[in-house]
Amino acid sequence: MPLITLPDGSQREYDAPISIAEIAADIGPGLAKAAIAGKVDDKPVDLSRKVSHDARVAILTERDEEGLEVIRHSTAHLMAQAVKQLYPEAQVTIGPVIENGFYYDFAYERPFTPEDLEKIEKRMKELAREGHEVHREVMPRDQAIEYFKRIGEDYKAEIISDIPEHEEIGLYTQGDFTDLCRGPHVPHTGKLKAFKLMKVAGAYWRGDSNNEMLQRIYGTAWGSKKDLKAYLHRLEEAEKRDHRRLGKQMDLFHFQEEAPGMVFWHDKGWRLYRTVENYMREHLERHGYQEINTPQILDRSLWERSGHWEKFSDDMFTTHVENRDYAVKPMNCPGHLQVYNQGLKSYRDLPLRMAEFGTVHRNEPSGTLHGLLRARRFTQDDAHIFCTEDQLQAEVTDLIEQIFEVYSRFGFNDVSLALSTRPEKRVGSDNLWDKAEDALEKSLNDQGLDFRHQPGEGAFYGPKIEFTLHDTIGRAWQCGTIQVDFSMPGRLGAEFVNEQGDREPPVMIHRAIFGSLERFVGILIEHYAGDLPLWLAPRHAVVMGITDKHADYAAEVARDLRSRGVRAQTDLRNEKIGFKIREHSLAHVPYMLIVGDREREERSVAVRKRDGEDLGSIGLDELGRRFEDEIHSRK
């Protein structure tokens with residue numbers, strides 16, 4: 001007689017083992033119709049799974065994130081079934097769920113074309129409408145290997161051969177298609193109503209470049225057609241906002257093969273970058289930080305003592321000089337500890353806050369590079385706070401407030417938080433991890449902040465709070481972190497003299513707000529679709545004369561504005577004024593200033609905004625004051 005406890009705490013008792021589908025039907029017909037899968041004691045299962053013991057049970061629908069994963073995984077199988085029906089010689093390999101969708105890798109004799117994708121998607125829709133039931137069965141490992149070899153699926157047989165001998169293999173069948181999978185899946189293909197195939201790309205078998213190249217078909221799947229439509233609209237918006245396209249259009253930066261993953265900043269882009277950096281430098285001054293700078297290259301022995309060599313050596317750029325191994329720094333913390341170690345510190349010196357705009361290099365795989373958002377060379381707004389255990393709580397609380405303050409200034413008010421706790425491979429005792437995790441969680445709770453737990457996602461040296469920004473089209477960008485570290489100071493010999501006159505290691509807080517300045521600039525460009533607030537815009541205004549005879553006055557206007565801190569330039573080309581206005585609007589210059597005979601006589605300018613709004617004629621002094629107010633307000 002299983003006793004079932006539901007998510008709301010209510011309980012239901014049954015006389016015999018009961019399936020998840022039957023539990024949903026007992027709760028209500030609406031839930032039974034919406035049900036996709038279930039969870040038993042937090043483990044996802046099929047609706048057909050019988051529960052014979054006392055358990056916690058939840059019913060998953062398309063509204064649940066885990067339910068959406070089931071839909072996407074099932075849609076990957078639907079795609080594989082369609083491919084096998086249309087192209088019987090194709091072999092099916094691996095097809096996982098990814099963010100917003102899924103992919104499946106296929107071995108096939110020729111490249112799939114866009115026309116193939118249209119055919120596959122059409123067949124998927126037909127199979128979905130046919131409503132094939134999805135059945136799970138269990139097969140002994142060796143029998144499963146033989147089965148897949150017999151039907152010509154050698155890749156599946158190879159996957160199973162790596163599974164321990166005595167394990168049973170889960171297989172899912174829908175219509176004429178059977179696939180290896182641990183599940184769960186939707187009960188029938190009719191549950192799959194909103195999907196689209198997106199693109200084809202190459203992928204090595206098992207991610208190894210020594211293996212054969214396969215074809216990866218990407219798709220997206222959602223719980224409803226409305227959600228699919230909204231997602232495709234977001235993709236269109238994201239394409240319009242792509243910082244790489246806007247960077248070229250606005251003449252901000254470029255990349256080239258001679259320096260993969262490393263940005264070449266142009267004058268306008270570097271002005272934007274420095275504006276962001278200078279704002280953070282002002283923030284550091286207000287909050288009592290020392291700004292330091294540390295070497296780019298450090299001896300391997302230091303990275304070994306800090307623990308980074310064991311964890312990150314494959315991602316480091318290294319060199320060998322005069323019988324010594326060096327690494328270009330992938331992070332700044334070991335260098336900051338070397339600065340801290342210069343001179344014995346007292347508890348009266350703490351907290352000691354050190355910050356660096358530290359340029360780091362990481363050997364990211366070339367296939368993952370993505371403009372400013374994923375680079376090999378970038379600059380972190382890195383800071384480390386050395387404090388006592390008694391000061392830890394106050395420092396973390398203050399840091400949380402600072403981070404929200406900074407994000408708000410840049411127009412990000414939708415911020416979500418996560419607490420990432422101890423990973424399996426870590427340094428330091430459980431007692432120290434308890435202290436660190438408790439300090440972070442208490443600071444979040446004391447401020448009444450909502451956050452999610454991410455077990456096992458902490459750094460190897462300490463837990464962390466992660467700050468994720470949400471932009472104007474709903475995309476999430478993980479940027480800031482606060483990490484508490486009880487281990488690295490001791491590993492690298494950092495000490496202070498406590499109130500009792502004894503020496504002990506300080507607590508070290510690792511903190512970044514932007515994370516990477518390059519990435520944050522890329523996020524800003526996409527968030528504002530290039531229409532940056534005036535204080536951030538690399539050019540505030542362009543002054544244009546109607547004819548050549550107005551060039552002297554246009555230059556005078558530009559000089560006057562520059563003397564007030566306005567980033568103004570002239571455009572004195574022999575082009576029609578409408579052409580120049582359109583060109584600078586496309587370059588996202590906030591203000592176009594036009595001068596002619598009347599403006600020269602009245603000491604004024606005709607003002608037009610980049611969105612097309614005509615502000616009319618404004619006196620030069622009044623215009624200067626307007627610019628000063630708007631820039632200094634940072635709105």
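Within the stretch 622-631, the set of residues being touching a residue at least 12 places away in the same chain (Cβ under 8 Å) and open to solvent by 60 Å² or more (accessible area, probe 1.4 Å) comprises just one member, Glu630. In the stretch 91-122, which residue that is among the charged types (D, E, K, R) and open to solvent by less than 50 Å² (accessible area, probe 1.4 Å) is farthest from Ser74 (Cα to Cα)? Result: Asp116. Residue count for the stretch 584-614, restricted to those that are open to solvent by 60 Å² or more (accessible area, probe 1.4 Å) and over 34 Å from the mean Cα position of the chain (by Cα): 9. Determine, yes or no, whether Glu304 is more than 22 Å from the chain's Cα centre (by Cα) and closer than 25 Å to Arg377 by Cα. Spelling it out, Glu304 is indeed more than 22 Å from the chain's Cα centre (by Cα) and closer than 25 Å to Arg377 by Cα. Applying the set (1) closer than 26 Å to Gly493 by Cα; (2) assigned to a strand (DSSP E or B) to Leu417 leaves exactly one unmet item: (1).
Applying the set (1) within 31 Å of the chain's Cα centre (by Cα); (2) closer than 20 Å to Arg182 by Cα to Arg63 leaves exactly one unmet item: (2). Just one of the listed residues (Pro334, Pro351) is within 25 Å of Arg426 (Cβ to Cβ) and modelled with pLDDT of 95 or more, namely Pro351. Of the strands (runs of 3 or more DSSP E) lying entirely inside the stretch 440-488, those containing at least 2 residues that are open to solvent by 40 Å² or more (accessible area, probe 1.4 Å) span 452-454, 476-485.
For the criterion of being of a type in the set (Asp, Glu) and more than 36 Å from the chain's Cα centre (by Cα), Glu109 fails.
Of the helices (runs of 4 or more DSSP H) lying entirely inside the stretch 97-177, those containing at least 2 residues that are in contact with a strand residue (DSSP E or B) (Cβ under 7 Å, 6 or more places away or on another chain) and over 23 Å from Ile71 (Cβ atoms) are 141-150, 154-161.
Just so you know, in the stretch 161-197 the residues that are farther than 15 Å from Ala80 by Cα and of a type in the set (A, V, I, L, M) include one that is surrounded by the most Cβ atoms within 10 Å (Cβ to Cβ), and it is Val186. Of the residues making up the stretch 350-378, those that are among the aliphatic types (A, V, I, L, M), touching a helix residue (DSSP H, G or I) at 6+ places or on another chain (Cβ under 9 Å) and either open to solvent by 40 Å² or more (accessible area, probe 1.4 Å) or over 17 Å from His243 (Cβ atoms) (or both) are Leu350, Leu352, Met354, Ala355. Whenever a residue of the stretch 113-138 is more than 14 Å from Leu86 (Cα to Cα) and among the small types (Gly, Ala, Ser), its partners that are open to solvent by 60 Å² or more (accessible area, probe 1.4 Å) and not in a loop (DSSP other than H, G, I, E, B), lying with C-beta atoms within less than 9 angstrom and at least six residues away or across chains, give the pairs Gly131/His188.
Of all residues in the stretch 218-234, those that are in contact (Cβ under 8 Å) with a residue 40 or more places away in the chain and surrounded by 13 or more Cβ atoms within 10 Å (Cβ to Cβ) have Cβ atoms under 7 Å from Cβ atoms of residues that are β-branched (Val, Ile, Thr) and not in a helix (DSSP H, G or I), 6 or more apart or on another chain, in Tyr231/Thr220; Arg234/Ile473. Within the stretch 235-259, the set of residues being more than 25 Å from Gly474 (Cβ to Cβ) and buried (at least 16 other Cβ atoms within 10 Å of the Cβ) comprises Phe253, Phe255.
The values are calculated or read from the model by the stated rules, or taken from the named source; none is laboratory data. Model, not experiment: these values are computed from the prediction. All Cβ positions, glycine included, derive from the backbone under ideal geometry; neighbour counts span all protein chains shown. For accessibility, only protein heavy atoms count, side chains too; no ligands or nucleic acids. Shrake-Rupley method; radii C 1.70, N 1.55, O 1.52, S 1.80 Å.
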